[in-house]
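The values are calculated or read from the model by the stated rules, or taken from the named source; none is laboratory data. Fair warning: this is a prediction, and the values are worked out from it, not measured in the lab. Cβ coordinates were reconstructed from backbone atoms using ideal geometry, including for glycine residues, and neighbour counts include every protein chain displayed.
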DNA sequence: GCGATATAATAGCAACTGCTATAATATTCA
DNA sequence: TGAATATTATAGCAGTTGCTATTATATCGC
């Protein structure tokens, strides 16, 4: 009983990913790649570190996702002119061609997933989950800054 | 906007896993292994197939999780006397020793994750997410409406 | 300038996840 | 009985995720 919420969120998220992936198999783009792309669309030129922070994954996780997207010619790494350690990320023209279809699929899936929920319930769902996320997110940061200070 | 719920659920679930894993690193048991164990506790002797269906993962996913748990001597595979293809799963004595600690951690984490939510809000959160999960779950099978939970 | 420290990204390792395919066994039906 | 079909579990492959290093570069303190 106790950890129901954690399990439940995990299950639901997994089913969401699975449903999305099943619908986009043909395009070769996964749910999580789509997520990265749709963030990147609004932040072109961002560096990997800040993007990782934005979508709250570890830098190495992002790095590997970018590897695959570069391989698929959907994302482009350009050297940062002011910092030779860093990359700046851009979408390629090829991305534009598929974003529309992805968005339609995502919209349809969201609709299906929330079928039977009123507008008010959907809003409340988002609000409640966001509060949980904020709780968990805050907790991560609050412990990071001091690590070896014993 | 469109797919916010999907992204949001995914993020929150990931943060949940991460927080859990950070707290149980010492035990070597991950959030998802704990989940499997806690289901198994209530269904000892179950076969892999039905357990996979219960926790809604693919059989092969479950198979590999069981591999690791067997390796860690937390789960035991015993041949099914009536079907030589099948295994029946049991917890080992070693499992009992760690379940208590895990449950405390899970409880504490759930509490932290839902901090600031009233009892009514927690209940509503669970109810709403469950409805989303049911929508997605139903859509996967399309034929087996065997969702008796709730 | 130079050494210490911090930051950006990546490598190795391991766990979770699912798709497609396959092996072994069971069941069904002709 | 024997062939066709279904079920149970696993193998190969690939993507996601994070932990702990490591490399390369930048910045800070002296």
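Odds and ends about this structure:
- Pairing residues of segment A:1-30 that are without any contact (Cβ under 8 Å) to a residue 12 or more places away in the chain with residues that are not in a helix (DSSP H, G or I), at Cβ distances under 6 Å and at least 6 apart in sequence or on separate chains, gives A:11/B:56; A:21/A:30.
- Residue in segment B:43-63 that is farthest from DNA strand D (Cβ to nearest atom), counting only those that are within 12 Å of another protein chain (Cβ to nearest Cβ) and either in a loop (DSSP other than H, G, I, E, B) or exposed (fewer than 13 other Cβ atoms within 10 Å of the Cβ) (or both): B:56
- Failed item in (1) in contact with a helix residue (DSSP H, G or I) (Cβ under 9 Å, 6 or more places away or on another chain); (2) more than 13 Å from DNA strand D (Cβ to nearest atom); (3) away from chain B (no Cβ under 14 Å), with residue A:69 passing the rest: (2)
- Filtered by the rule that a residue be more than 12 Å from DNA strand C (Cβ to nearest atom) and out of contact with any strand residue (DSSP E or B) (no Cβ under 7 Å at 6 or more places or on another chain), segment B:38-62 gives B:38, B:42, B:43, B:50, B:54.
- Qualifying residue in segment B:10-17 (condition: assigned to a helix (DSSP H, G or I), over 30 Å from residue A:37 (Cα atoms), near DNA strand C (Cβ under 9 Å from one of its atoms) and modelled with pLDDT of 90 or more): no
- Any pair with Cβ under 6 angstrom, 6 or more apart, that starts in segment B:95-112 at a residue that is without any contact (Cβ under 8 Å) to a residue 12 or more places away in the chain and ends at one that is assigned to a helix (DSSP H, G or I) and surrounded by 16 or more Cβ atoms within 10 Å (Cβ to Cβ): B:110/A:5
- Residue count for segment B:102-118 satisfying the condition of being farther than 17 Å from residue A:8 by Cα, more than 7 Å from chain A (Cβ to nearest Cβ) and surrounded by fewer than 14 Cβ atoms within 10 Å (Cβ to Cβ): 2.
- Cross-chain or 6+ apart pairs with Cβ under 8 Å, segment B:50-71 first and more than 22 Å from residue A:19 (Cα to Cα), then more than 8 Å from DNA strand C (Cβ to nearest atom) and part of a helix (DSSP H, G or I): B:66/B:48; B:69/B:37
- Only one of B:95, B:82 that is more than 10 Å from DNA strand C (Cβ to nearest atom) and more than 26 Å from residue A:136 (Cβ to Cβ): B:95
- Residue in segment A:25-41 that is within 12 Å of another protein chain (Cβ to nearest Cβ), over 12 Å from the mean Cα position of the chain (by Cα) and either surrounded by fewer than 19 Cβ atoms within 10 Å (Cβ to Cβ) or in a helix (DSSP H, G or I) (or both) present: no
- Subset of segment B:75-105 (residues that are touching a strand residue (DSSP E or B) at 6+ places or on another chain (Cβ under 9 Å) and either near DNA strand D (Cβ under 9 Å from one of its atoms) or under 11 Å from residue B:29 (Cβ atoms) (or both)): B:77, B:80, B:83, B:86, B:87, B:88, B:89, B:95, B:99
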